[in-house]
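> Take a look at this one; I'll ask things after.
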Amino acid sequence: MKYAVTFRLATVGAALSLALAGCGGVKSDAGTATPAVSGAKGTVKLAVNPWVGYEANAAVVGYLLEKKLGYTVEKKNLKEEISWQGFETGEVDAILENWGHDDLKKTYIEEKKVAVEVGPTGNKGVIGWYVPQWMADKYPDITDWKNLNKYADLFKTSESKGKGQLLDGDPSFVTNDKALVSNLKLNYEVVFSGSEAALIKAAQQATAQQKPLLFYFYEPQWLFSREKYARVKLPAYTTGCDADPKKVACDYPDYALDKIASKKFADTGGAAYQLIKNFQWTNDDQNLVSDYITNQGMSADAAAEKWVNEHESTWKSWIPAAG
């Protein structure tokens with residue numbers, strides 16, 4: 001998530017259970033589009049970060065790698081920063097949804113030279129603060145940050161230390177919210193729900209039960225197709241306004257989400273790398289697969305299969321031509 005403050009896990013080292021498992025990457029066999037026996041060509045190691053939109057990307061790309069190109073796919077559930085560390089150890093071949101992370105690009109692409117940019121996913125990323133639509137209807141000026149202190153009492157919870165609560169998600173997600181609250185002099189406390197699922201559950205309850213909620217959220221996100229939420233207007237983003245994480249007092253930028261691969265995978269990954277490079281779809285595509293996984297009881301593989309069967313015109317051009 002671009003330019004924003006990356007929450008660095010104190011337990012990064014311990015959590016990185018990325019023991020070397022032989023040379024990373026896949027065998028070089030560029031140009032094969034003919035379905036083959038799974039595993040015949042090598043293994044592609046995909047990082048899967050903890051939100052369902054990313055899971056949707058990995059599901060579809062993984063399905064195509066296995067069913068159309070004959071690779072084995074190994075998915076690794078990792079936090080964002082730990083995924084980047086996997087390029088160095090050889091445990092991650094590709095990240096399929098990167099939110100900016102200029103700091104990590106500088107470290108792993110420019111300095112260590114173990115990763116490369118692979119181009120956009122096609123998804124447009126948005127991060128912001130939201131309230132349920134019923135709150136925006138009842139309190140029309142609540143969607144301007146300048147008025148949030150007036151409503152702080154509405155958002156008090158047992159965890160917000162007598163202040164209004166601003167609910168964030170997984171603590172590993174990129175967020176400027178603590179700095180924003182401080183620098184905008186808001187009488188609020190940032191509380192982490194712990195996961196995307198918990199954040200969504202809180203948002204749904206706030207709508208269904210008419211409970212006040214101010215929360216961090218983002219797009220692409222399937223929930224916006226089912227319920228209405230109003231975005232709070234923060235001070236406008238301008239280039240560089242978030243350069244100093246401690247002094248951030250502006251909104252989040254818009255993000256052109258992109259893909260990152262290990263340098264070794266880019267050099268030797270053949271058709272697997274080319275498919276990942278070619279992969280691009282829309283927010284609607286991602287939200288549809290996310291909805292299959294979250295609300296229709298499908299496994300990631302089943303969701304991917306359904307989408308692939310119904311959208312050949314979208315993915316067909318991702319399959320590299322036979323060499």
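> What aspartates and glutamates does residue 233 reach when the alpha-carbon gap must be under 19 Å and sequence neighbours fewer than 8 apart in one chain are set aside?
The qualifying aspartates and glutamates are 137, 141, 144, 168, 177, 189, 219, 242, 251, 254.
> Sticking with this structure for a sec: Could you compute how much accessible surface residue 241 exposes when probed at 1.4 Å, giving the result in Å² to the nearest 10?
Residue 241 has an accessible surface of roughly 40 Å² with all protein chains in place.
> Do you know the relative contact order of the stretch 261-323, to the nearest whole percent, from alpha carbon pairs under 8 angstrom that are 6+ apart?
Computed over the stretch 261-323, the figure is 46 percent.
> Under the 0.36 nm per residue contour assumption, what length would be gained going from the current alpha-carbon distance of residue 183 and residue 201 to full extension?
In short, 3.6 nm is gained.
> Could I ask something else about it? Starting from the residue with the highest accessible area, list 151, 255 in decreasing order, probe 1.4 Å. Kindly include the intermediate steps, with their values, before the conclusion.
On the way: 151 30, 255 10 Å².
From most exposed to least exposed: 151, 255.
> Would you please give the residues with an amide H less than 5 Å from that of residue 123, counting only those at least 5 places away or on a separate chain, with H modeled from the backbone geometry?
257, 281
> Amide H to amide H under 5 Å from residue 100: which residues, 5+ apart in sequence or cross-chain, H placed 1.01 Å off N in plane?
2, 258
> Find the Rg to Rh ratio for the stretch 168-301, where Rh is the Kirkwood radius over alpha-carbon pairs and Rg uses the same atoms.
Result for the stretch 168-301 is an Rg/Rh of 1.02.
> Along Cα→Cβ, 7 Å out, is where each label goes; now give me the distance between the ones at residue 147 and residue 278 in nm to one decimal.
Distance between label points: 5.1 nm.
> Subtract the Cα-Cα distance of residue 246 and residue 301 from 0.36 nm times their separation in residues, and report this length gain in nm to one decimal.
This chain segment gains 15.6 nm when fully extended.
> Assuming 0.36 nm per residue, please report the length gained on full extension of the stretch residue 88 to residue 74 beyond their Cα-Cα distance. Show your work: numbers first, answer last.
Working: separation 14, 0.36 × 14 = 5.04 nm, distance 1.72 nm.
Roughly 3.3 nm would be gained on extension.
> With a cut-off of 8 Å between alpha carbons and a minimum separation of six or more residues, what is the relative contact order of the stretch 109-213 in percent?
With pairs under 8 Å counted, the relative contact order is 25 percent.
> Pull up all non-local amide H partners of residue 189: gap of 5 or more, or a different chain, and H-to-H distance under 5 Å with H placed in the peptide plane.
164, 165, 166
> Could I ask something else about it? Between residue 238 and residue 314, what is the label-to-label distance in nm when each label sits 7 Å out along the Cα-to-Cβ direction?
Here the modelled spin labels are 3.9 nm apart.
> Order 231, 226 by their accessible area, 1.4 angstrom probe, all chains in place, largest first.
Working: 231 85, 226 135 Å².
Largest to smallest exposure gives the sequence 226, 231.
> Now, a different point. From Cα coordinates alone, what are the radius of gyration and Dmax values for the chain in angstrom?
20.6, 65
> Ok, one more. Using a Förster radius of 25 Å, what is the FRET efficiency between residue 113 and residue 256 based on their Cβ-Cβ separation? Nearest 0.05, please.
0.60
> For the chain, what is the relative contact order in percent, using Cα pairs closer than 8 Å and at least 6 residues apart in sequence?
It rounds to 29 percent for the chain.
> If you don't mind, another one. Could you state how much accessible area residue 215 has, in square angstrom rounded to the nearest 10, with a 1.4 Å probe and all protein chains kept in place?
Spelled out: residue 215, probe radius 1.4 Å, area about 0 Å².
> Further question on the same structure: Using helices alone, I'd like the mean residue ellipticity at 222 nm for the chain: each DSSP H run of four-plus residues gives -39500 (n - 2.57), total over residue count, nearest 500. Walk me through the numbers on the way to the answer.
Details: 12 runs with 103 residues, N = 323.
Taken over the chain, the calculation gives -9000 deg cm²/dmol.
> Straight-line reach from residue 138: which aspartates and glutamates have a Cα under 17 Å away, not including same-chain ones fewer than 8 places off?
Qualifying aspartates and glutamates at Cα under 17 Å: 153, 227.
> Sticking with this structure for a sec: Tell me the accessible surface of residue 110 in square angstrom (1.4 angstrom probe, heavy atoms of protein chains only), to the nearest ten.
Approximately 120 Å² of residue 110 is accessible to the 1.4 Å probe.
> With a ≥ b ≥ c taken as the square roots of the eigenvalues of the C-alpha gyration tensor of the stretch 115-198, please select rounded if a/c is under 1.5 and otherwise prolate if a/b is larger than b/c or oblate if it is not? It would help to have the intermediate numbers written out before the result.
Numbers: a/c = 2.09, a/b = 1.65, b/c = 1.26.
Prolate.
The values are calculated or read from the model by the stated rules, or taken from the named source; none is laboratory data. Everything numeric here is computed off the predicted structure, so don't read it as measured data. Every residue, glycine among them, receives a Cβ derived from its backbone with ideal geometry; neighbour counts consider all protein chains shown. Note: accessible area is taken over every heavy atom of the protein model, side chains too, but ligands, DNA and RNA are not part of it. Shrake-Rupley method; radii C 1.70, N 1.55, O 1.52, S 1.80 Å.
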